[in-house]
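The values are calculated or read from the model by the stated rules, or taken from the named source; none is laboratory data. This is a predicted model, so every value here is computed, not measured. When we count neighbours, we look across all protein chains shown, and the Cβ atoms used for this are built from the backbone with ideal geometry, even at glycine.
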Amino acid sequence: MSEFLLAAEAVPPKLGIFRPVNNTVFSVLISIVMIILVYVMINRAKKGEKIPEIRKIPGIEAFEEAIGRATEMGKPVHMTDYSTALGDDSTFAYWSFLAYIAKQCAQYDTRFIATDANYLVNVVNQEIVKQAYLEAGKPDAYNPDDIRFIAGSQFAWAMGVAGLVAREKPAAQFLVGYFYAESLILAEAGNLVGAIQVAAASSPAQIPFFVAACDYTMIGEELYAGAAYVSRDPVIMGTVVAQDIVRVSLYVIILLGGIVQWLSPQNNFIRNFINF
Amino acid sequence: MSRTQVWVAALATLACYSYLYKENFFFRLAEHTMIPLAVAHVLTTGWHNTFLPYIETHVKGKGWWWFWIFFVMGVLYYARFLPARWAWITRYPISVSVGWSLGYYFSLFPRQYGVQIADAVRDLGVFENILFFLMFATSMMYFFLTVGGNSKPFRTAAQWGRWILMVGFGASFGNTVSGRISLFLGRLSFLLTEWLGVAL
């Protein structure tokens, strides 16, 4: 075996610089297109120029409805995510929702509790919520003890959140971000205390649980679009619009690729291009 | 497991399940034991599996003194506990960490989607592939955020896509619930056989 390996020549890099495996050049090209589009769309959004409108996301109105209900009942609002890492795309979406919900709660003088499982994300969460209270003109109402790091371990965190929900009895619970096996534990904990629940999740395996146990669920891409929708931040708006343009373009490429594969399976130039 | 360990595991299991009745002292005891244990575990493993090996291998072994810069950056996270005049320093390690993580993910992600895109291009001469293609085409339309909103055929197709997604979610739900029941049965079997000594 080792003789064969020694005899095998090293595969040269594609175009002299890319790893000699499928999809590398195509992925770089898509990334470059994406970077340019994001740059253009963000700039257009910042200047107030026209960019494609993001469609209304079902469930967005539920945020205000849920916070309003908590305010009327004089109970807290609770928000959580498993927040796997600082650079995770879902964590960035979570932060947009966090800023929006914290600001709404601050304006209505409703207690806001956020829990998470990553101590680095927690530091950022505290800064975001503090800023939200400042923007709402209520810096004194900000309580850092309500923006809690529970535990890094998945089920210790889930247990802590379930216990907190049972004790604090929030009237509204928001489950935003990327979740794993704990999703149903959290959603059921909210159900037991009669909280109105809104989930926005990007993990395909956990969305079914939220659909079953929550009042409103935003699925997959709606998490990111919802983040743009609520924040109205031109940077996020521009990013989501650019992402959608790339998504539609890739969709067309895949449709054409399927047709070409049917007509000429031996020589599908579209598939070869994607695999390059 | 020793008899003491079996007792601890059994009582902790019951304490956790007692939540199903209502939040109570025993659940709180289990919760307030589990969380500090988990945090202590992360701290200890971080110290022994990350910090000390890095010091031994890289700082002492290879002489990479600049690793101490990352140590200092880590310590700066605690600056938020300083008086407000200095607390802003904590934003520097945050920004470096966020920037680094983003770069890391950005370098990893595009290719994995490229592989999925290539896989979605299938021969439409086969029935299974036609079915896949129709499901893919309609369910993807549900996630278009900026186009087609005003077109009725588009909205109808996207609605079909939503139904297909729901069927998929239902299958996933059933599959996971059966997995959870199997986990519960495992726990029940532990309580009955190892703890209570019932012969099954």
First in segment B:102-128 and at the interface with chain A (Cβ under 8 Å from one of its Cβ atoms), second anywhere and of a type in the set (Asp, Glu), Cβ under 8 Å, 6 or more apart: B:105/A:88; B:105/A:89
Selection status of residue A:252, more than 10 Å from chain B (Cβ to nearest Cβ), modelled with pLDDT of 90 or more and more than 16 Å from residue A:53 (Cβ to Cβ): yes
Odd one out for residue B:22, checked against (1) assigned to a helix (DSSP H, G or I); (2) within 12 Å of another protein chain (Cβ to nearest Cβ): (1)
Residues of segment A:12-31 satisfying the condition of being in contact (Cβ under 8 Å) with a residue 24 or more places away in the chain, more than 8 Å from chain B (Cβ to nearest Cβ) and not hydrophobic (A, V, I, L, M, F, W, C): A:14
Leading residue by the ranking (farthest from the other protein chains (Cβ to nearest Cβ)) among those in segment A:260-275 that are among the β-branched types (Val, Ile, Thr) and touching a residue at least 12 places away in the same chain (Cβ under 8 Å): A:270
Residue, nearest to residue A:161 (Cα to Cα), within segment B:13-29, restricted to residues that are at pLDDT 95 or above and of a type in the set (A, V, I, L, M): B:29
Residue within segment B:68-86 that is closer than 26 Å to residue A:189 by Cα and more than 13 Å from chain A (Cβ to nearest Cβ) present: no
Residue match in segment B:60-77 (condition: surrounded by 11 or more Cβ atoms within 10 Å (Cβ to Cβ) and closer than 16 Å to residue A:126 by Cα): yes
Selected residue [in a helix (DSSP H, G or I) and either exposed (fewer than 11 other Cβ atoms within 10 Å of the Cβ) or at the interface with chain A (Cβ under 10 Å from one of its Cβ atoms) (or both)] from B:55, B:89, B:94: B:94
Segment A:203-247, residues that are facing chain B (nearest Cβ under 10 Å), part of a loop (DSSP other than H, G, I, E, B) and surrounded by 22 or more Cβ atoms within 10 Å (Cβ to Cβ): A:206
Restricting segment A:99-122 to residues that are of a type in the set (A, V, I, L, M) and without any contact (Cβ under 8 Å) to a residue 60 or more places away in the chain, the residue that is farthest from residue A:162 (Cα to Cα): A:106
